[in-house]
2 protein chains.
Amino acid sequence: MPTHWYNIQADLPEPLPPPKDPPTGPSRLKALPEMLLTECLRQEASTERWIPIPQEILDLYAQAGRPRPLFRARRLEKALGTPAKMYYKAEFYSPTGSHKVNTALAQAWYAKQEGYERLTTETGAGQWGTALADAASLVGLRTTVYWVRAVHDWKADRRAFMKLYGAEVHASPSPETKVGRELLKRDAKHPGSLGIAVSEGLEDARADDRAIYCLGSVLNHVLLHQTVIGLETKRQFELIGESPDLVISCLGGGSNFGGFALPFLADAVKGKELRFIAAQSESAPNLQGEYRYDFADHAELTPMLKMYTLGHKKEMTPIKGDGLRYHGAAPLLSLLRSLGYIDTVAYPADEKHVFSRARQFIRSEGFLPAPESAYSVACAIDEAEKCKETGEKKTIAFNISGHGFMDMGGYSEVLGL
Amino acid sequence: MPTHWYNIQADLPEPLPPPKDPPTGPSRLKALPEMLLTECLRQEASTERWIPIPQEILDLYAQAGRPRPLFRARRLEKALGTPAKMYYKAEFYSPTGSHKVNTALAQAWYAKQEGYERLTTETGAGQWGTALADAASLVGLRTTVYWVRAVHDWKADRRAFMKLYGAEVHASPSPETKVGRELLKRDAKHPGSLGIAVSEGLEDARADDRAIYCLGSVLNHVLLHQTVIGLETKRQFELIGESPDLVISCLGGGSNFGGFALPFLADAVKGKELRFIAAQSESAPNLQGEYRYDFADHAELTPMLKMYTLGHKKEMTPIKGDGLRYHGAAPLLSLLRSLGYIDTVAYPADEKHVFSRARQFIRSEGFLPAPESAYSVACAIDEAEKCKETGEKKTIAFNISGHGFMDMGGYSEVLGL
């Protein structure tokens, strides 16, 4: 297990454009210390290459089952008849079902150290809220989750899961905050949005000195914590004397893609020939958007970040892989994309292709990927099929960021099971 | 990873009473070769101590994530304030969510070797059907699952999961078999039973030379395959220089309890001081029943087995931990119980105690046990609490046979989430 997180800011070919304030309105930059833990804010701007993981966080990682296995997909290779070697990282072994715990455990532990008693956050698909609820419970903090009502209302099982960890869960907009109450006055059944949920989480934390707000993607410190995935994977490849030619994962905001790819991108920026593909949805192909300053949230509460974006007000078709439906890509990954290190593929929003590919994977390998991870699987299989045509013996590494046990409805609907 | 399964028949203090025919009716013993794979039938009666695991099955085990971790429950110990050391085995890392894959992979591989093209089986809670569907898919066989209609109809997600593996799934009684058609004629919405589903699976396999029926619990060869759990655990304890004083798991038919405990029972029958507790439900406390010959199924199609039984026609209150609702305990475990090696505890059928204990575990350890495994957790915590009272520094080993991601409804209902 790695003892340090890897910070690619030390190795970037050019400096990362910093966050900035919009031309008008109150300063978002000055509000940042209220939005982020002190240690996370420090990590956000750090250019140290290796950031030590505190022993207590290493213990939490071990308890959450780290290091996680890297599997060779031998049966899948055989079924495809590809000369490629395919390896997948098992982030689906996470207690809550996704890679989100890697940063949740770190943030919860830092929050405890900084004297907070309660964490607040927003959640969309629900993976982040669950991970933070787990992490808070393990370190002895309370959590309050504001969950986009349109999702909250039909994911009863995931809601129960968060409550099982002891979290307080509110459909957002909620009567708990001023923002929420005002919206509910206009529409008592307001479906909510990620932006509104962010606003509620922030308002709640700001009104309580013992509470702090936590974020689960996009930002540098989140990707930093997630590098345990890629660092472990790199070590596992070394142990078997292999090295990937192709590194693949799905990308929404960028936390799992970044966590998996950044330690390999470190080699690429030093000149190693290595290809990276982000698997996305045509619903939100943010890496095919514009590289410019934009808000990270719908409600314009965050500073502006330089990133590939579809525009923070963009309407995006609902998909089963809801964790991929975000307008912008993490600034670190956006810079690397602008420099030509990261390719992207966007799959049709009907998701027939990705779920069919996931089914091929399941029938050969047995494990059930989350809808988001199905994009990673689809891209890996597509590349293995290309190797079959060209005869290339590539080594393909892909990350399966979560399992689909709580998302079977998506498979049923798309594949007509 | 163990290279051999452990067969306790070599070390039993007295021979295992063999299966026998009932006083009247056709011979069930003569029908056994139609019900079981040739290799499984051989293993059923074997008294060899160590049975080699074929390399291909070892490969399948590795692909299913074996060996699985043994976790120390440090945070739980601390939360309880117990002087006991608590260790849990992570069978919940199984691709299908339960320990059932350990025998499913073996049986599917043997079936392929013996020239079959299709497996048939029954399933109640659904774990066994899913495991066999997975295993069949991996070795390239088809599966037909007869699923008790009363469960089939509300477990849409698990049904989709089986189909994702390529299984054909029928609500039982079904129009596919003579038995099924006759029952449906009487009641078109017949809720079915495990006994009826067994009959359908058998009839289907008997009518097709290329098909064979597979069983997921109770029998010697099933427990044999499951000993990989206990053998790994024993080795893991050796590696850390520890040894359990108390071995705990839940028990329905006995496949997970046997798999976990038998390698440790080997030491107990040689005189080592070691206590075993089977965690059961008051709905089906079969180890508190009578030790006598009884049928393994409701419909009296199987030979009679000498076992602790509540009677094969016993009505049992429905519980969320449905995998524990079986009238008899595996003959191997029943013999060892009759000789005083295995204790049992039965928890109230309202399941409030077991689910509350599982919630304590989740809040300290993060992982989500299946409803059945919640019994194992409850028993381990109860014993750790006793150690707190007495000050005893016992080492407690317990098995978590599966995860609860597809059973959250049980938690919600019992705990009112």
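Okay, here's what the table says:
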item: Percent of C-alpha pairs per 10 Å bin, the stretch B:197-269, short to long; result: 18, 37, 22, 14, 8, 0
item: Loop-located trypsin sites (Lys or Arg not before Pro) in the stretch A:192-290 whose Cβ has at most 12 other Cβ within 10 Å (DSSP); result: A:Arg210, A:Lys270, A:Lys272
item: Compactness of the stretch A:276-408 - radius of gyration and Dmax, Cα, Å; result: 15.8, 51
item: Cα→Cβ-extended label distance, 7 Å offset, between A:Ile240 and A:Met1, nm; result: 2.2 nm
item: Label-point separation, B:Leu415 to B:Glu117 (7 Å along Cα→Cβ), nm; result: 4.8 nm
item: B:Ser338/A:Asp59 FRET efficiency (R0 51 Å; Cβ-Cβ; nearest 0.05); result: 0.70
item: HN-Hα J in Hz across the stretch A:105-117 - Karplus 6.51, -1.76, 1.60, θ = phi - 60°, x for Gly and Pro; result: 5, 5, 5, 5, 5, 4, 4, 4, 4, 7, x, 6, 10
item: Taking A:Tyr375, B:Tyr347, A:Tyr6 and counting other C-beta atoms within 10 Å, the order from fewest to most; result: A:Tyr6, B:Tyr347, A:Tyr375
item: Cleavage-rule hits (chymotrypsin sites (Phe, Trp or Tyr not before Pro)) in the stretch A:244-280: DSSP loop, at most 11 neighbouring Cβ within 10 angstrom; result: none
item: Listed residues B:Ile319, B:Ile240, B:Ile53, most fluctuating in chain B (Gaussian network, C-alpha, under 10 Å); result: B:Ile240
item: Volume per residue that the Cα convex hull of the stretch B:301-354 spans, once the total is divided by residue count, Å³; result: 100 Å³
item: Principal-axis tilt of helix A:220-239 within chain A, Cα atoms, nearest 10 degrees; result: 20 degrees
item: Amide H within-cut-off set for B:Gly404, under 5 Å, with H built and near neighbours excluded; result: B:Leu368, B:Ala370
item: Computed Kirkwood radius, in angstrom, where 1/r is averaged over Cα pairs of chain A; result: 21.3 Å
item: Radius of gyration and Dmax over the Cα atoms of the stretch B:346-391, both given in Å; result: 10.7, 31
item: Ascending list, in nanometres, of distances separating the B:His353 label from those of the other copies (7 Å, Cα toward Cβ); result: 5.6
item: FRET efficiency estimate (nearest 0.05) - Cβ-Cβ, A:Arg74 to B:Arg42, R0 30 angstrom; result: 0.55
item: Alpha carbon convex hull of the protein assembly as shown, projected area averaged over orientations, nm²; result: 34.5 nm²
item: Net lengthening on full extension, B:Leu184/B:Asp267 (0.36 nm per residue, minus Cα-Cα); result: 24.8 nm
item: Inter-chain shielding of A:161-169 (mean C-beta neighbours from other protein chains, 10 Å cut-off); result: 4
item: Lysine pairs in the stretch A:244-402 with Cα atoms under 17 Å, if 8 or more residues apart or on separate chains; result: 4
item: Chain B: most fluctuating residue of B:Val354, B:Val269, B:Val148 per GNM, C-alpha cutoff 10 Å; result: B:Val269
item: Taking B:Phe161, B:Phe398 and counting other C-beta atoms within 10 Å, the order from fewest to most; result: B:Phe161, B:Phe398
item: Inter-copy separations for B:Pro83, label at 7 Å along Cα-Cβ, nm, ascending; result: 6.7
item: Alpha carbon convex hull of the stretch A:1-144, projected area averaged over orientations, nm²; result: 12.4 nm²
item: Inter-copy separations for B:Pro13, label at 7 Å along Cα-Cβ, nm, ascending; result: 7.5
item: Burial ordering of A:Val179, A:Val169, fewest other beta-carbon atoms within 10 Å first; result: A:Val179, A:Val169
item: For the protein assembly as shown, calculated [θ]222 nm from helices alone, where every DSSP H run of n ≥ 4 adds -39500 (n - 2.57); result: -13000 deg cm²/dmol
item: Among B:Glu182, B:Glu203, B:Glu232, residue whose mean-square fluctuation peaks in a GNM of chain B (springs only between Cα atoms under 10 Å); result: B:Glu182
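Values in this text are rule-based calculations from the coordinates and carry no lab data. Nothing here was measured: the structure is a model prediction, and the numbers come from that model. Neighbour counts are summed over all protein chains in view; Cβ atoms, including those assigned to glycine, are modelled from backbone coordinates with ideal geometry.
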